[in-house]
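Okay, so here's the structure we're looking at.
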Amino acid sequence: VELELVRLNNFLVEAPDLCVECEDHPVWAASSLGILKTAELYSFIVSNAGATLRITKLLWLKHVPPKVQLFGWFSWKGRIKTREFLQRLGVICENDSTVCVFCNSESESLNHVLIWCPFVWNIWTEMLKWWDVQSALPCTVESLLLWWAGGKLKKKERLIWGAIPLAVMWSVWRCRNECVFRATPPNLEDICELIKIRIAFWVNPYLRDFQFSVQDFGTNLRQIRRCLGGVGAMD
Ligand SMILES: [Zn+2]
């Protein structure tokens, strides 16, 4: 307690003098002018967090609904309320099961439920097939998003490709909640269909000169990509 008092005292000694004529106002100490500006906040975070602050371009896509972007951000930060996460917080008792609702065999961690649970892995595989690409996928949210952001694509084509991870993760999480709270059994075909529909609805308004139907997205992606100037190749 004494130590705290000393610290408080020192802190108050350094504080600016109170002045009756001056209006009280907050001061942003990390900025030279004392005013909070986004650019200064950004450089403050970068200088403090340094190289550990990694971010992927795929989180804040303007054509993806804000709530989905936010969900992506929470996934990136590992803050999704999976059963393992809730147990760590003490919301779920230690003796309660944290088993994944899809496979009923492994514990529901973030990377398990969003990426490498066998059921979810099949969804990712279907999405790669849809895009006509063969690749081994990274198996954490972070590495998958970083991997996904690489590769060369035409700008308009990239609108579709870039939206896939968030569409998958968002749809998987919703499906998981339906499973947990309404006991709705998951269906691979349905969820893949839903993901493509979502992407079509998100992307279509940004492809002004083109008219693609939702069905086109489901069955004719190759054609769409060709129309958008894509070469249909991805290294
Ligand atoms: Zn599972």
Return yes or no: is Trp76 closer than 30 Å to Asn220 by Cα and either touching a residue at least 12 places away in the same chain (Cβ under 8 Å) or in contact with a helix residue (DSSP H, G or I) (Cβ under 8 Å, 6 or more places away or on another chain) (or both)? no
Scanning region 159-174 residue by residue, those more than 17 Å from Glu142 (Cα to Cα) and of a type in the set (Gly, Ala, Ser) turn out to be Ser171
Expected single match for away from the ligand (no atom under 16 Å from the Cβ) and part of a helix (DSSP H, G or I) among Leu61, Leu128, Leu114 is Leu128
Based on this model, can you work out whether Leu146 counts as more than 16 Å from Trp116 (Cα to Cα), in contact (Cβ under 8 Å) with a residue 60 or more places away in the chain and outside any helix (DSSP H, G or I)? no
Taking first residues from region 4-28 that are in contact (Cβ under 8 Å) with a residue 24 or more places away in the chain and within 30 Å of Tyr42 (Cα to Cα) and second residues anywhere that are of a type in the set (Val, Ile, Thr) and surrounded by 10 or more Cβ atoms within 10 Å (Cβ to Cβ), the pairs with Cβ under 9 Å that are 6 or more apart or on different chains are none
How many residues of region 178-235 are surrounded by 14 or more Cβ atoms within 10 Å (Cβ to Cβ), over 20 Å from Leu58 (Cα atoms) and of a type in the set (S, T, N, Q)? The answer is 1
Result of the Cβ filter at 6 Å on region 103-123, keeping first residues that are over 14 Å from Ser143 (Cβ atoms) and among the charged types (D, E, K, R) and partners that are within 7 Å of the ligand (Cβ to nearest atom) and modelled with pLDDT of 95 or more, at least 6 apart or interchain, is Glu106/Cys100; Glu106/His112; Glu108/Cys100
Reported set for region 99-133 where residues are closer than 17 Å to Ile164 by Cβ and of a type in the set (Val, Ile, Thr) is Ile115, Val120, Ile123, Thr125, Val133
Original post:
Going by the conditions given, is Lys77 more than 16 Å from the ligand (Cβ to nearest atom) and closer than 23 Å to Val203 by Cα?
Top reply: no
At pLDDT 90 or above and closer than 22 Å to Val203 by Cβ - does that describe any residue in region 95-107? no
Those residues of region 134-151 that are among the aliphatic types (A, V, I, L, M), out of contact with any Gly (no Cβ under 9 Å at 6 or more places or on another chain) and under 16 Å from Ala163 (Cα atoms) come to a total of 2
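Yes or no, residue by residue, for (1) assigned to a loop (DSSP other than H, G, I, E, B); (2) of a type in the set (Val, Ile, Thr):
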| position | (1), (2) |
| --- | --- |
| Val168 | no, yes |
| Thr184 | yes, yes |
| Glu193 | no, no |
| Asp216 | no, no |
Among (1) within 16 Å of the ligand (Cβ to nearest atom); (2) of a type in the set (Gly, Ala, Ser); (3) under 18 Å from Val203 (Cβ atoms), Gly151 falls short only on (1)
Across (1) in a helix (DSSP H, G or I); (2) farther than 30 Å from Glu108 by Cβ; (3) without any contact (Cβ under 8 Å) to a residue 24 or more places away in the chain, Val203 clears everything bar (3)
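The values are calculated or read from the model by the stated rules, or taken from the named source; none is laboratory data. All values derive from a computational prediction rather than experimental measurement. Every residue, glycine as well, gets a Cβ built from its backbone with ideal geometry; the counts of neighbours run over all protein chains shown.
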